[in-house]
Each structure stands twice: as structure tokens, then as C-alpha cells.
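S.K.: Quick one: structure below, then a few questions.
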Amino acid sequence: MLLPVAETTMVWTYSRRLLRNHRLALVGVVVLQAGAALAALAVPWMLGDLVDAVRAGTTRDVVARVGVLLTIAVLLQTLFAGVGQRQAMVLGESIFAQLREEFLHTVTHLPLSTVERAGTGDLLGRTTNDVDRVQWVVRFGVPRVLVTTTTIALTLVAAFLVSPWTAVALLTGVPLLVVFARWYLRRATPAYLKGSSAWAAINGVMTESVEHAATVDQLALGPRRRARMTEVLREAWHWEDHTLFLRAVLFVGMVLGYVLPTAVVVVWGAWLVGGGLATVGAVSTVALYSIQVRHSIGELLFWIDEIQVASASLSRILGVNLVEPDRYPSHETPAGEDIVAREVAYAYRTGHDVLHGVSLDLARGERLAIVGPSGAGKSTLGRMLAGIHPPTGGSVTVGGVRLVDLTEEELRSEVALVTQEHHVFVGTVADNLRLARAEASEDEMRDALASVDALTWVDSLPDGLGTKVGSGALTPTPAQAQQLALARLVLLDPHTLVLDEATSLLDPRAARHLERSLNAVLAGRTVVAIAHRLHTAHDADRVAVMEDGRIVEIGPHEELVAHGGGYAALWRSWQQE
Ligand code: ADP
């Protein structure tokens, strides 16, 4: 189940839209490059004239004047080309920035279930390899394509102005170029697509093996992982080999296509001169043009090839847009803060329900602990209550509005899920906090940090809130990272929190310290705690016992113990330990 890939037409529509957004800059670049191309074209033109003048007999002054003009032409060309290239690079960067921002937005709003199902290899491949390929073409390719096409077009025009009869010879290369290019283009895109997905498979196999190296070792899966690696490598090798063959054929055709015209110009030109249809100077100019333009044609073809690769990558990047959202905001406003689950069912895989019609009313401000054996569906129910996944049956509502009918921002201001996975993002401490509320002021951030007991250590950092943290900079301890996550929650300020094993992975000393921070965050909110230690359950207002995707007992701790059911037994055995 890989992520979708966009159609070619979608890639074209998107590229056109991107270019249209930068129309003005595009025109500017073309104008500057046209200036450079014209100055470059003036050189053979003047040389051709000089040839004719020398044949007819001329003075040294005329030769000297042509020399000065040639120098001016070269200087102008340098100037235009330099400024033009700079503008072109700026244009490439702006286009790429827009692409990257849009892609990042899409990726960060993908439905979690899709990401989980597709595996991280595919998405990782698209965000790394594919983005790199597109980046290279947008940054350097788009500017160079503008430069080379302008140059080629103007060279042809100039050649026809100099001598239409001689210029016809330039066209002899065109059929060769067209035939080879068409042959190539028809085969290249599918081959490059296959190649990209083979690389994504390598990424996937590699990250899975490395991330779970301990498991691979313990279960002696080494040989099987290696075999799988060899398999995906072979696949990638095959496509690399195939596309290399396609390129090799293309380049043979291309070389023929641009060497031939020069030869034809000279032979055909000599015949024309004999018949008085062209001058030696004009033939010299056109022959020089045919040599000068080779470089541009070669470069253009190189970029056409790279554009093929990039458009395959772009269709994988845009494919991510095609993932169906798992929620459509209805823009209803919740009337109240009561969270109600009705007959909630959920299946990670169709037909395999792990929740079977769970109903639950959360009282405002209560603490509910969910306990039960591993695999009972506690975490899954937690994710439903936090609106992470839409339930496959039944509904979870807040104030009468289904959680999945809210926008992500609205949802997060109602209910948030707190897991033990806490990530410190690369950036400053303030950046990490503002993820929760972009417009949070410094005072608000300091208050939030103070309430989770983290202000002291943040203030002791070299730049306080402005200190850079995350990989490559200062790495906070796991407890500090957890506190940052809690401070984010304070800023987010949802009325309901779902805690999934929030402190279980920390060492007990840090856990006790964190519990204070956590309690500060929990105060005044409705809390659903997925409990792995029964004393959490003991402290809760109510306890729900889950088994096999159902709530089998629910009520205050004392009542359940007095009732003498499954929970009472659990509690007794835990106390004996
Ligand atoms: P608990 O939190 O009580 O241990 P979970 O909610 O994690 O239980 O799991 C309930 C059931 O759903 C288990 O059978 C588990 O194997 C299955 N499950 C959990 N997560 C996934 C997933 N991402 N894909 C498929 N099945 C899953």
C-alpha cells in the first residue's frame, strides 16, 4: 500500500501554475538572457563582416574598430549573463521555496492512518531523494533552460538574418535530434518512476533494519533482511542500468545531431558562394553560429533528461496531495465541552475490529483511568477520544460535534493526546513552544514553563528562550524534553487530555519530578489516563476496565473493588506484589 503517484497532466498543470506565479521574474530573466545572447551573436556577425571586408580590401583602422566593438560585445555579454544568471538563481530558489512549503504543509497534514499503512520508507523517500532531485532541477535547471532556449532561438533568427540560404543547413540536425529525443522521452519517464520507487524501497528496508536492529538480531532475521536488501538493490540496479542505456543512445543521437550541421553549412556554403548566393563572410558567420550553439543544445538536452527524472520525482511528491483526507471540517461550533463516545468501533485493517461498540461519557473535569491487559484496545480508544483517527463505526463528539468534523486547530484546542514520544524540534526553545500557539508572547511562554517547573533550567541556558535545541545543538534530557512537551500543552490549553503511558519510560526519580509538572498541567482539565500502573487508577475518579475491545467494568475504584469482579482481582494481585 504505497502512497499515490500523480498523473503527468497533474505535474504539468502544477509546474505551469508554479511558473505563472513567478511570471514577472521569469520575463525579467528571459530579457536579461536575451541581452547576453544578442551580445554573443554579434561576435560571429562582426567576424563574418570582417572576412568579407578583408577579401574586398580594407584599412587597418576598420580592423581596429571591429576589434574594439568585439571587446564591447564580450563585455556586454558578460554583464548581461552575470546579472541574468543571478536573477535566474533567485527565481529558482523562490520557486523551490514555494514547492517545499506546499509539500511540507501537505505532509504534516496527512492522515496518520495513511502514513502508518504506507510505511515511513515511501514518505521518507519522497521527502528526501525526490525533493533533492526536484530541487536540483528547479534551482539550476529552470534558469539554464531559460538561458539555452533563448540562446538557441536567437541564434537561429540571427543565422537567417545573415543568410537565409546558408542558415537552412542548420536545420539538418533537427530531424536527428527530434527522432532521438522522442525515442528517449517516451521510455524515460516510466523507467525513472520505477527507479525512484526502487530507491524508496531501499530507504524503507534500510531504516527498518537499522531502527529495529536489536529485534533483527534477537530473532536472527539478519539473513532474511540481507536477502531483502539484495533484492531491492538488484531492482534499483536494474533501473539505473536501463536508464543509463537510454541516456547513452540519446547522447549518440545528440552528438550526431549537432556535429552534422556544421559540416553541412561548410559544404553547402561553399556551393552557395560558388553560385553567388552567399558571401564567404556570411558562411563563416553561420558556421561559427553552428559551433557556438552546440553548447546550448547539449546543455538543453542534459536538462531535458534531468527534467524527466525530476518530473518523475515531482509526480511522487504531488501524489501525496492525492491522499484522501480522513476528515472534512463542517465548521460547526461545539456547544460545550462534554466528550461523548457512542458505539465506537475501529479497525486498523478492514474486517478486523479492535474496538467493538465502546460507549463512554466523560464528566467535565473528571479523571478516568483505563486499565486492562495489553492489546485490549486501550491506546486505540485513547486515539479515538483524542480524534487522531476517525472511528470506523459510531462517533466521538465534543459538545455535539464529531471530533473529526473539527479543523485540526479547533480539535487541538478541545482535546490533546499526550504520549511518551516527545520530540525536541530543531530550533530555539521558543520555536518549540510556539508550535502549540504561534502567537504566544514571551510572558505566556515563561508562564507555561514555570507551571511545569521548567523555567529555572530554561533561564539557566546561555540564551534562555532563544537557545537553540535539538539535534546538532543542545540536547535536553528526556525529562526536560517531556517538560517542553507539557509546556506546549499549557499553551495549547485544551479542556481534555488523553494520557497514554505518559511517564512510564522515565526513570522513577525523573518520573516523580515530572509528575508534579504533569499535575500542574492536568489541574482543571478532564483527563483520560491509560494506566499501566494501578496506583494511577486508584487515584482516578473512575476506572474503566477494557478487555478485547470492550469496556467490561466501569466505576469508581472503591465500587469496583467492592463489586469483586476482574478489577478487584487485578487490584488484589497488584497489592500483593
Ligand atoms: P492496548 O493499548 O490495550 O495495549 P492497542 O489499542 O494498542 O491495545 O491494540 C489493540 C489491538 O489493535 C491489538 O490487537 C493490536 O495488535 C492492534 N493494533 C494496534 N495498533 C495497530 C496498528 N497500527 N495496525 C494494526 N493493528 C494495530
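The values are calculated or read from the model by the stated rules, or taken from the named source; none is laboratory data. Please read all numbers here as calculations on a predicted model, not as lab measurements. Methodologically, a virtual Cβ is constructed for each residue, glycine included, from the backbone with ideal geometry; neighbour enumeration extends over all protein chains shown. Surface accessibility is based on the protein's heavy atoms, side chains included, excluding ligands, DNA and RNA. Shrake-Rupley method; radii C 1.70, N 1.55, O 1.52, S 1.80 Å.
S.K.: Taking the stated definitions as given, is residue 161 open to solvent by 30 Å² or more (accessible area, probe 1.4 Å), aliphatic (A, V, I, L, M) and either farther than 30 Å from residue 19 by Cα or free of Cβ contacts under 8 Å to residues at least 60 places away in the same chain (or both)?
M.R.: Working: open to solvent by 30 Å² or more (accessible area, probe 1.4 Å): yes; aliphatic (A, V, I, L, M): yes; either farther than 30 Å from residue 19 by Cα or free of Cβ contacts under 8 Å to residues at least 60 places away in the same chain (or both): yes.
Judged against the criteria, residue 161 is a match.
S.K.: Another question, if that's okay. What are the residues in region 333-346 that are within 15 Å of the ligand (Cβ to nearest atom) and of a type outside the set (A, V, I, L, M, F, W, C), if any?
M.R.: The initial filter retains those residues of region 333-346 that are within 15 Å of the ligand (Cβ to nearest atom), namely 341, 344-346.
Scanning region 333-346 gives a single hit, 346.
S.K.: Given the conditions (1) touching a Phe, Trp or Tyr at 6+ places or on another chain (Cβ under 7 Å); (2) over 27 Å from residue 441 (Cα atoms); (3) part of a helix (DSSP H, G or I), report the number of the one that residue 545 does not fulfil.
M.R.: All conditions pass for residue 545, except number (3).
S.K.: Looking at region 419-442, is at least one residue within 16 Å of the ligand (Cβ to nearest atom) and either buried (at least 18 other Cβ atoms within 10 Å of the Cβ) or within 21 Å of residue 354 (Cα to Cα) (or both)? So that I can check it myself, show each step before the final result.
M.R.: Step one: filter region 419-442 for residues within 16 Å of the ligand (Cβ to nearest atom), giving 419-421.
Still in the running and either buried (at least 18 other Cβ atoms within 10 Å of the Cβ) or within 21 Å of residue 354 (Cα to Cα) (or both): 419.
Scanning region 419-442, I find at least one residue that is within 16 Å of the ligand (Cβ to nearest atom) and either buried (at least 18 other Cβ atoms within 10 Å of the Cβ) or within 21 Å of residue 354 (Cα to Cα) (or both), so the answer is yes.
S.K.: For region 347-374, what are the residues that are closer than 19 Å to residue 556 by Cβ, in a loop (DSSP other than H, G, I, E, B) and either within 38 Å of the chain's Cα centre (by Cα) or away from the ligand (no atom under 15 Å from the Cβ) (or both)?
M.R.: Restricting attention to region 347-374, the residues satisfying the condition of being closer than 19 Å to residue 556 by Cβ are 359-372.
Keeping just the survivors that are in a loop (DSSP other than H, G, I, E, B) gives 362-366, 372.
Of everything in region 347-374, those that are closer than 19 Å to residue 556 by Cβ, in a loop (DSSP other than H, G, I, E, B) and either within 38 Å of the chain's Cα centre (by Cα) or away from the ligand (no atom under 15 Å from the Cβ) (or both) turn out to be 362, 363, 364, 365, 366.
S.K.: Of everything in region 523-577, what is more than 16 Å from the ligand (Cβ to nearest atom) and of a type in the set (Val, Ile, Thr)? Give them in sequence order. Give the steps one after another, and end with the answer.
M.R.: Our first condition is that a residue be more than 16 Å from the ligand (Cβ to nearest atom); within region 523-577, this holds for 523-527, 535, 538-542, 555-565, 568-569, 571-577.
Selection gives 526, 527, 561.
S.K.: Test residue 511 against the criterion of being under 22 Å from residue 422 (Cβ atoms) and part of a helix (DSSP H, G or I), and give yes or no.
M.R.: On the way: under 22 Å from residue 422 (Cβ atoms): yes; part of a helix (DSSP H, G or I): yes.
For residue 511, the condition - under 22 Å from residue 422 (Cβ atoms) and part of a helix (DSSP H, G or I) - is met.
S.K.: Just to be sure I understand the filter: pairs with C-beta atoms under 6 Å, separated by 6 or more residues or on different chains, first member in region 95-123 and modelled with pLDDT under 80, second member of a type in the set (Gly, Ala, Ser). Which pairs pass?
M.R.: These pairs meet every condition: 119/204; 121/200; 121/204.
S.K.: Considering only residues that are among the aliphatic types (A, V, I, L, M) and outside any strand (DSSP E or B), look in region 526-542 and name the one that is farthest from residue 412 (Cα to Cα).
M.R.: Across region 526-542, the extreme among qualifying residues is 534.
S.K.: While we're on this one: Look at residue 172 and say whether it is surrounded by fewer than 20 Cβ atoms within 10 Å (Cβ to Cβ), touching a residue at least 40 places away in the same chain (Cβ under 8 Å) and touching a Leu at 6+ places or on another chain (Cβ under 8 Å).
M.R.: Against the criterion (surrounded by fewer than 20 Cβ atoms within 10 Å (Cβ to Cβ), touching a residue at least 40 places away in the same chain (Cβ under 8 Å) and touching a Leu at 6+ places or on another chain (Cβ under 8 Å)), residue 172 qualifies.
S.K.: Looking only at region 220-239, decide whether some residue is in a helix (DSSP H, G or I), within 30 Å of residue 278 (Cβ to Cβ) and touching a Ser or Thr at 6+ places or on another chain (Cβ under 7 Å).
M.R.: No, the conditions are met nowhere in region 220-239.
S.K.: Further question on the same structure: Within region 300-317, can one find any residue that is at pLDDT below 90, acidic (Asp, Glu), assigned to a helix (DSSP H, G or I) and out of contact with any strand residue (DSSP E or B) (no Cβ under 6 Å at 6 or more places or on another chain)?
M.R.: yes
S.K.: Evaluate the following for residue 88: is it surrounded by 19 or more Cβ atoms within 10 Å (Cβ to Cβ) and under 22 Å from the mean Cα position of the chain (by Cα)?
M.R.: Working: surrounded by 19 or more Cβ atoms within 10 Å (Cβ to Cβ): yes; under 22 Å from the mean Cα position of the chain (by Cα): no.
So residue 88 does not fit the description; no.
S.K.: Right, another one. Is at least one residue of region 389-396 more than 16 Å from the ligand (Cβ to nearest atom), buried (at least 19 other Cβ atoms within 10 Å of the Cβ) and touching a residue at least 24 places away in the same chain (Cβ under 8 Å)?
M.R.: Scanning region 389-396, I find no residue that is more than 16 Å from the ligand (Cβ to nearest atom), buried (at least 19 other Cβ atoms within 10 Å of the Cβ) and touching a residue at least 24 places away in the same chain (Cβ under 8 Å), so the answer is no.
S.K.: Which one of these is assigned to a helix (DSSP H, G or I) and within 26 Å of the chain's Cα centre (by Cα): 25, 42, 6, 36? Show your work before the answer.
M.R.: Values: 42 fails: within 26 Å of the chain's Cα centre (by Cα); 6 fails: assigned to a helix (DSSP H, G or I); 36 fails: within 26 Å of the chain's Cα centre (by Cα).
Unique residue meeting the criteria: 25.
S.K.: Which residue out of 54, 11, 66, 30 is part of a helix (DSSP H, G or I), at negative phi and either among the charged types (D, E, K, R) or open to solvent by 60 Å² or more (accessible area, probe 1.4 Å) (or both)? Before the answer, list the steps.
M.R.: Working: 11 fails: either among the charged types (D, E, K, R) or open to solvent by 60 Å² or more (accessible area, probe 1.4 Å) (or both); 66 fails: either among the charged types (D, E, K, R) or open to solvent by 60 Å² or more (accessible area, probe 1.4 Å) (or both); 30 fails: either among the charged types (D, E, K, R) or open to solvent by 60 Å² or more (accessible area, probe 1.4 Å) (or both).
Exactly one of 54, 11, 66, 30 is part of a helix (DSSP H, G or I), at negative phi and either among the charged types (D, E, K, R) or open to solvent by 60 Å² or more (accessible area, probe 1.4 Å) (or both), namely 54.
S.K.: Looking at 430, 416, 438, can you tell me which residue is under 27 Å from the mean Cα position of the chain (by Cα), of a type outside the set (Phe, Trp, Tyr) and assigned to a strand (DSSP E or B)?
M.R.: On the way: 430 fails: assigned to a strand (DSSP E or B); 438 fails: assigned to a strand (DSSP E or B).
When all the criteria are applied, what remains is 416.
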